[in-house]
Amino acid sequence: MPTETNNKPTAGRAGARRREWAALLVFFALLAVYFWNHASFLQGMREFF
Amino acid sequence: MAWPLAALLYASAWLLARNRLKRTDEALLAAGLLACTEVLTAITLLGWLGLLRPAPAIIFTLLLAAGNLAAALHRRRPLRPRLSFRRLALLVPWPLWPALGLAAAVLYFRLKLAAALPFDSWDGLSYHVPILWRWLQQGNFDLAGWVGPARYFPWNGELLPAWLALLGGALDSAKLAQALALPVLGAAGAVLGRRLAGLRWAVPSALALVCLPIAVIHAGIPYVDLIYSAFWLAAAAAALCLERTRRPVYLFLYAAAFGLAAGTKSTLYFQLPLLLPLLRTLYSDEALARRALRLAPGLLALAALCGASSYLHNWWTTGNPIFPYAFRIGVKTIFKGVVSPGELLVTVESWFVSSPWGWLWYPFHETMKGATVYGTENGFGPLFAAGWAFWPYALWRARRARDRGAFWFLLLLPATAFFFFALHPTREQRYVIFIAAVPILSLVYVFRKAAGGLRALAAAGWTLGIAWGLFGVLNYAGRDRHTVNAWDALRGAGQVRPFKYYREKYGALGEAWAALDARLAPGDVVATNYGELMLPWAGVPARGRVIVVTADKTPYPDTFTATDTAAWLALLERLNVRYFALWVPAWYPEEGKEERENMEKLAGRFIPAGNWSSADFGKIELYELARTAPGSGVSPAAPPAPAKK
């Protein structure tokens, strides 16, 4: 039967938690790379203040 | 009056939609599609009847709203406000609140500034708004004599602003027409987020899409890409809902959204990927497929109602629904046209990347012409960049979880990329704004089971990503001196001087527009040899009639063209042209050569009214036509007749 999110349990909740924390770290690392590359945005927006 | 009436129609459509769809996000999405379908049908009808006037548009809108309300009350579902602090905390995690506040502030800034500025943007000034202005002046859709392909483009993206302009009683009311797409975009984001990752991710997904930097920028310019993207994503959301629930009501939402998108832009190949999730669902469910087959005539009729009118019009007038493009399969020509899509290949890709492979890492450093900046052509933001890297992982997770809906939704990214590289002539992000949703929802899918501190941290990252994207929007505005000056004027004097803005941005061209505006009387006909950026020749506020009359050959039929000197002058006189603007753009130095030769032969008929030049925009000369005899020419109130070529 189709479900709303189809969140079927996968092998081991502890393993899943570890993967989620790792994903979160990678997420923040990617954001940091983006912010670093686009730091000049702060300069341009200062024109309005 | 335009926006309150638009809100009234949307609210009435929502009350009607929630009778069939229990979930608020889905009812909001259906309401947006229903309201747009109703408006487009009404305005199309008014245009064909020659009734594009404020009173019929307002009456039609009120009747539609009343009809929706009556139908909603007929099968009433009680309004039960279910908002509580607990529910609110579930919907909007506390780390996301700053993003909500910042989004409201930046959207307010963007829309307030855009509303105060004169009409701006390249394609907006070149054809989106000039077409609209001509419709409003005439009261119908006649574009006879129009030089260029825009006359044949799908027109949903012009019909919606025409509706706003009619409701508001002024062309200026159409300035923010693309903001109409934001509720549909947000609702599509909420539906996708919820169906992929549960209720907790509905609001973050909606917010991420509405705050997409390029979406915020486009909300303030008269383009159609944002409207197209909202409908595209609505179709993707309906396909996912169908996969999850197997309810035929989503087939109707899909058909409406698909048709609305097709009626907005003729990039039909970008809509082919949308068929994949739908067909996969029907393939896996025989009963649903049989039901869909039975409903097919109704679904096709709905899609046609939402988006086929411009194609049918082209078919009727030129014998080719996608005119001016030729359509060939192998060596066989199915539809004759005057241009092949391949001929339009524009090398704008080099503004962003040095080779097609550069798109792989472009999301992590978004530049245009070497500068790190968002604009009307680019700006997908940090969440897209992170999601871009996460997409393969999300696809793998969806495959492992045997989550067919998520898997086929995520596959929309490579399927669209294929057509972007294989067929699309102009590779820039604005043509595929919709695709930004797939990587962003990949992130949502990866974090769908996050709870507690992990979820709070993910939401905090979400807030940072949204905030940085919005900073980029402010940077986009802050980099241009003319925009900063306009904002200062708006804060100080409460208004922006339009020609000061145009002069600062468009140099010599802005000077010429200002000089003409000082002379222009309502109803004066202004002709120019070159149609780009033509709207300001109608004055600010718009009051003149602007047409392109060329002495050069054009491949388009039924244009204001005359290659012979006497015929060219006769054409100008027949069209009652009072001013002629000869523009030699810096990028086309040969432009205007034939018209100049004609004017030299007709010395005395063209009285110079000024000339200007700048390195960026080229040379502009303004002339007033000397009258030969009073009463010559057609009335400016009547639509000018075309010269058959």
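The values are calculated or read from the model by the stated rules, or taken from the named source; none is laboratory data. In this text, all values refer to a predicted model and were calculated from it rather than measured experimentally. When we count neighbours, we look across all protein chains shown, and the Cβ atoms used for this are built from the backbone with ideal geometry, even at glycine.
Any residue at all in region B:256-273 that is more than 28 Å from B:Tyr325 (Cβ to Cβ), outside any helix (DSSP H, G or I) and in the same structural domain as B:Leu21 (by TED's automatic domain parsing)? No: region B:256-273 contains no residue that is more than 28 Å from B:Tyr325 (Cβ to Cβ), outside any helix (DSSP H, G or I) and in the same structural domain as B:Leu21 (by TED's automatic domain parsing). The set of residues in region B:486-521 being among the charged types (D, E, K, R), away from chain A (no Cβ under 14 Å) and in a helix (DSSP H, G or I) consists of B:Lys500, B:Arg503, B:Glu504, B:Lys505, B:Glu511, B:Asp517, B:Arg519. Within region B:609-628, the set of residues being surrounded by 15 or more Cβ atoms within 10 Å (Cβ to Cβ) and either in a loop (DSSP other than H, G, I, E, B) or in contact with a His (Cβ under 7 Å, 6 or more places away or on another chain) (or both) comprises B:Phe617 only.
Out of B:Phe390, B:Phe384, I need the residue that is part of a helix (DSSP H, G or I) and over 23 Å from the mean Cα position of the chain (by Cα). Which one? I'd like the intermediate steps shown before the answer.
Working: B:Phe384 fails: over 23 Å from the mean Cα position of the chain (by Cα).
Checking each option against the conditions leaves just B:Phe390.
I need the helices (runs of 4 or more DSSP H) fully contained in region B:141-228, keeping only those with at least 2 residues that are over 14 Å from the mean Cα position of the chain (by Cα) and crowded, with 24+ Cβ neighbours inside 10 Å.
Details: elements: B:156-168, B:181-197, B:202-210, B:213-218.
In region B:141-228, B:156-168, B:181-197, B:202-210 are the helices (runs of 4 or more DSSP H) which contain 2 or more residues that are over 14 Å from the mean Cα position of the chain (by Cα) and crowded, with 24+ Cβ neighbours inside 10 Å.
Taking the listed residues B:Ile43, B:Ile58, the one that is surrounded by fewer than 23 Cβ atoms within 10 Å (Cβ to Cβ) and not in a loop (DSSP other than H, G, I, E, B) is B:Ile58, with no other qualifying.
Conditions (1) among the hydrophobic types (A, V, I, L, M, F, W, C); (2) within 10 Å of another protein chain (Cβ to nearest Cβ); (3) buried (at least 22 other Cβ atoms within 10 Å of the Cβ), marked per residue:
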position: B:Val353; (1), (2), (3): yes, no, no
position: B:Gly358; (1), (2), (3): no, no, no
position: B:Ala385; (1), (2), (3): yes, yes, yes
position: B:Arg399; (1), (2), (3): no, no, no
position: B:Arg402; (1), (2), (3): no, yes, no
position: B:Phe409; (1), (2), (3): yes, no, yes
position: B:Phe418; (1), (2), (3): yes, no, no
position: B:Thr426; (1), (2), (3): no, no, no
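Whether a residue is modelled with pLDDT of 90 or more and either closer than 30 Å to B:Ala238 by Cα or within 7 Å of chain B (Cβ to nearest Cβ) (or both) was assessed, and A:Leu30 passes this test.
Could you tell me whether B:Val184 is within 14 Å of chain A (Cβ to nearest Cβ), among the hydrophobic types (A, V, I, L, M, F, W, C) and farther than 21 Å from B:Trp122 by Cβ?
no
Pairing residues of region B:382-400 that are farther than 14 Å from B:Pro414 by Cβ with residues that are surrounded by fewer than 19 Cβ atoms within 10 Å (Cβ to Cβ), at Cβ distances under 8 Å and at least 6 apart in sequence or on separate chains, gives B:Pro382/A:Phe35; B:Ala385/A:Val33; B:Ala385/B:Phe364; B:Ala389/A:Val26; B:Phe390/A:Val26; B:Arg400/A:Thr10. Going through (1) part of a loop (DSSP other than H, G, I, E, B); (2) over 26 Å from B:Cys211 (Cβ atoms) one by one, B:Thr376 falls short only on (2).
Would you confirm whether or not region B:299-318 contains a residue that is in a helix (DSSP H, G or I) and at pLDDT below 90?
Just the residues of region B:299-318 that are in a helix (DSSP H, G or I), to begin with: B:299-307, B:309-318.
Add one more test, that the residue is at pLDDT below 90, and what stays is none.
No, every residue in region B:299-318 fails to be in a helix (DSSP H, G or I) and at pLDDT below 90.
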